[in-house]
Amino acid sequence: MRSARIRPAFTIVELLVVLGIVTLLLGILIPVLSKARRQALQVACLSNVRQITVALIAYANDHRGCFPTSASALKVQDEDWVHWQPNRDLNESRLWPYMGGDQNVLKCPMGVPERARDLTPPYPFSYSVNMLFTGLIDLDIAPPWNTPPSRLSGTVRASEKMLVVEEDASAISDGAWYPTNRKYWVGNRMPYVSVRHDGDGREHSGFEDFPIYVGRGNIGFADGHADFVDRRNGMAEYYFNPPYDGPVPMR
C-alpha cells in the first residue's frame, strides 16, 4: 500500500511574499474605500440640502411666494424656518411639516462639526438659509442686518441663486446665512460655505494655510436643485442676491 504523500509547508520566503502582496493590496484598497465613503457622505449631505431647499420652495408656494423667517440668533420669531434653541419645540418650526418630520435631514451625515467659537446656545444643525430670501426684520439696528425678505417670484435666474448652504463651522451660529460680499458678518467670522466634503474632511475657513477661494460645497438653489459647487459662488452677489441681475462675475 502506497503511503500518503506529505505536502511541504510554506517556506518563510513564501509567507513573506504573501504578506507583502496583502499589504500592497490593502495600501491600494484602503484609500479607494475611504474616498468612496467620503463621496457617499457628500451625496447623502447633498440630499439633505436638496430636501430643505425643496421644502422652502414648497412653503413659499403655499404662502404667496414668501419664505419663513431666518431662524437668526439675533431675533427669535414664531415664523422661523427651524426652531433650534433648546427651549423651543422643533415640531413647531414653520418648515417642519414640509420636511417629513425627520430631524436627521438637518444634520450632515459626517456629523455636526465642533464650532470654532463658544456659542451659547450652540446651533445644533449643519445647514443655514440665505437671509436675503428669508429676511431679518424688526431689529433695532441699522442695515445690512435689518433686511426685508425677498419673494420667490422676484428671484432672477433662480437656478443660480443660493438658497440653502452647508456653512463652515467657523461661521455658522444659527439658521441664517449672511452672504460675504454684502459684509454680513461679525468680527472675523466670515460666512464661508463648508468644504469638508471636498478633500480630507476638514473645515478650511481661510484662517489656516488654505486659500479661502479653494474647494466645493453643498448648495441648494432657488429652483429646487442642489449641487456640489465652487464655494466662491458664496462671495459673489450674482449668486446670492435674489433680485440681482448684474453681469456674471469674472473668475
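The values are calculated or read from the model by the stated rules, or taken from the named source; none is laboratory data. Worth saying up front: this structure is predicted, and the values here are computed from it rather than measured. Cβ: placed from backbone, ideal geometry, glycine included. Neighbour counts: every protein chain shown.
So here's what we get for this one:
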{"read-out": "From the options GLY111, GLY101, residue that is out of contact with any Ser or Thr (no Cβ under 9 Å at 6 or more places or on another chain) and surrounded by fewer than 17 Cβ atoms within 10 Å (Cβ to Cβ)", "value": "GLY101"}
{"read-out": "Residue within the range 167-188 that is among the basic types (Lys, Arg), modelled with pLDDT under 60, under 23 Å from ASP223 (Cβ atoms) and surrounded by fewer than 20 Cβ atoms within 10 Å (Cβ to Cβ) present", "value": "yes"}
{"read-out": "ASN61 being part of a helix (DSSP H, G or I), without any contact (Cβ under 8 Å) to a residue 60 or more places away in the chain and polar (S, T, N, Q)", "value": "no"}
{"read-out": "Search result, residues across the range 45-63 that are farther than 19 Å from LYS161 by Cβ, surrounded by fewer than 15 Cβ atoms within 10 Å (Cβ to Cβ) and either of a type in the set (A, V, I, L, M, F, W, C) or over 22 Å from the mean Cα position of the chain (by Cα) (or both)", "value": "ASP62"}
{"read-out": "Whichever residue in the range 79-92 is closer than 24 Å to ALA222 by Cβ and in a loop (DSSP other than H, G, I, E, B) and, among such residues, is modelled with the lowest pLDDT", "value": "GLU79"}
{"read-out": "Residue match in the range 64-81 (condition: surrounded by 15 or more Cβ atoms within 10 Å (Cβ to Cβ), touching a Lys or Arg at 6+ places or on another chain (Cβ under 9 Å) and more than 29 Å from THR155 (Cβ to Cβ))", "value": "no"}
{"read-out": "Pair list, Cβ < 9 Å and 6+ apart or interchain, from the range 119-136 residues that are on the phi > 0 side of the Ramachandran plot to residues that are small (Gly, Ala, Ser) and part of a loop (DSSP other than H, G, I, E, B)", "value": "GLY135/SER70; GLY135/SER150"}
{"read-out": "Unique residue being crowded, with 19+ Cβ neighbours inside 10 Å, out of contact with any Leu (no Cβ under 8 Å at 6 or more places or on another chain), farther than 16 Å from PRO148 by Cα and not acidic (Asp, Glu) when the list is ARG94, ARG88", "value": "ARG94"}
{"read-out": "Residue among SER70, SER47 that alone is modelled with pLDDT under 95 and among the polar types (S, T, N, Q)", "value": "SER70"}
{"read-out": "Members of the range 133-164 found to be within 18 Å of the chain's Cα centre (by Cα) and either at pLDDT below 90 or in a loop (DSSP other than H, G, I, E, B) (or both), listed by number", "value": "LYS161"}
{"read-out": "Residue that is on the phi < 0 side of the Ramachandran plot and in a helix (DSSP H, G or I), where the choices are PRO109, PRO97", "value": "PRO97"}
